[in-house]
Amino acid sequence: MTNWRAVVIGFLLAVVIGLVGIALPGLGQLTAGLVGGFVAGFLAGGGLLSGFWHGLLAGALGGIVGGLLIAIVVGVAGIALGPVGALLSGLAGVGIFGLAVLIAFVMALESAIAGAIGGLLNP
């Protein structure tokens, strides 16, 4: 069974570290996903597969939120530029959607691996 408390804590930790990572070079988004996934897996416990699952969920939530933020920024920029900007942002939206899916996949995968390690440390 999924421990949603562990998933939400891991997700929130990844978001906070990601926001700090924007301001402080060196931390970055990779560290945020690793730490969030590890914490989710460790809090959930239950071994390798349970940690993997919980880390995967925490990372996927982070990727989804990141993709939505990118979409909102592009949408607002398109509206601000008028009809031509709306057309251009619509065309760019297809590429941005692909990028957001790739980012979500990478964040989920790295968080899942870190979560598996966290789950092993808290059987």
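The values are calculated or read from the model by the stated rules, or taken from the named source; none is laboratory data. Keep in mind the model is a prediction, meaning the values are calculated, not measured. We place every Cβ from the backbone using ideal geometry, glycine too, and count neighbours over all the protein chains shown.
Identify, by number, the condition in (1) modelled with pLDDT of 80 or more; (2) closer than 22 Å to GLN29 by Cβ; (3) surrounded by 14 or more Cβ atoms within 10 Å (Cβ to Cβ); (4) not charged (D, E, K, R) that PHE105 doesn't meet.
(3)
For the structure I just gave you, tell me whether ILE22 is free of Cβ contacts under 8 Å to residues at least 12 places away in the same chain, assigned to a helix (DSSP H, G or I) and more than 29 Å from TRP4 (Cα to Cα). Please lay out each step first, then the result.
Working: free of Cβ contacts under 8 Å to residues at least 12 places away in the same chain: yes; assigned to a helix (DSSP H, G or I): yes; more than 29 Å from TRP4 (Cα to Cα): no.
No: the conditions fail for ILE22.
Identify all residues within region 10-36 that are buried (at least 18 other Cβ atoms within 10 Å of the Cβ) and among the hydrophobic types (A, V, I, L, M, F, W, C); write none if there are none.
Scanning region 10-36 gives PHE11, LEU13, ALA14, ILE17, ALA32, LEU34, VAL35.
Against the conditions (1) in a helix (DSSP H, G or I); (2) at pLDDT 80 or above; (3) out of contact with any helix residue (DSSP H, G or I) (no Cβ under 6 Å at 6 or more places or on another chain); (4) not small (Gly, Ala, Ser), where does THR2 fall short? Just the number, please.
The single condition THR2 does not satisfy is (1).
For residues that are hydrophobic (A, V, I, L, M, F, W, C), surrounded by 13 or more Cβ atoms within 10 Å (Cβ to Cβ) and closer than 19 Å to GLY18 by Cα, tally how many sit in region 42-98.
9
Considering only region 59-82, I want to know if a residue exists there that is in contact with a His (Cβ under 9 Å, 6 or more places away or on another chain) and either closer than 22 Å to GLY119 by Cβ or touching a residue at least 24 places away in the same chain (Cβ under 8 Å) (or both).
No, every residue in region 59-82 fails to be in contact with a His (Cβ under 9 Å, 6 or more places away or on another chain) and either closer than 22 Å to GLY119 by Cβ or touching a residue at least 24 places away in the same chain (Cβ under 8 Å) (or both).
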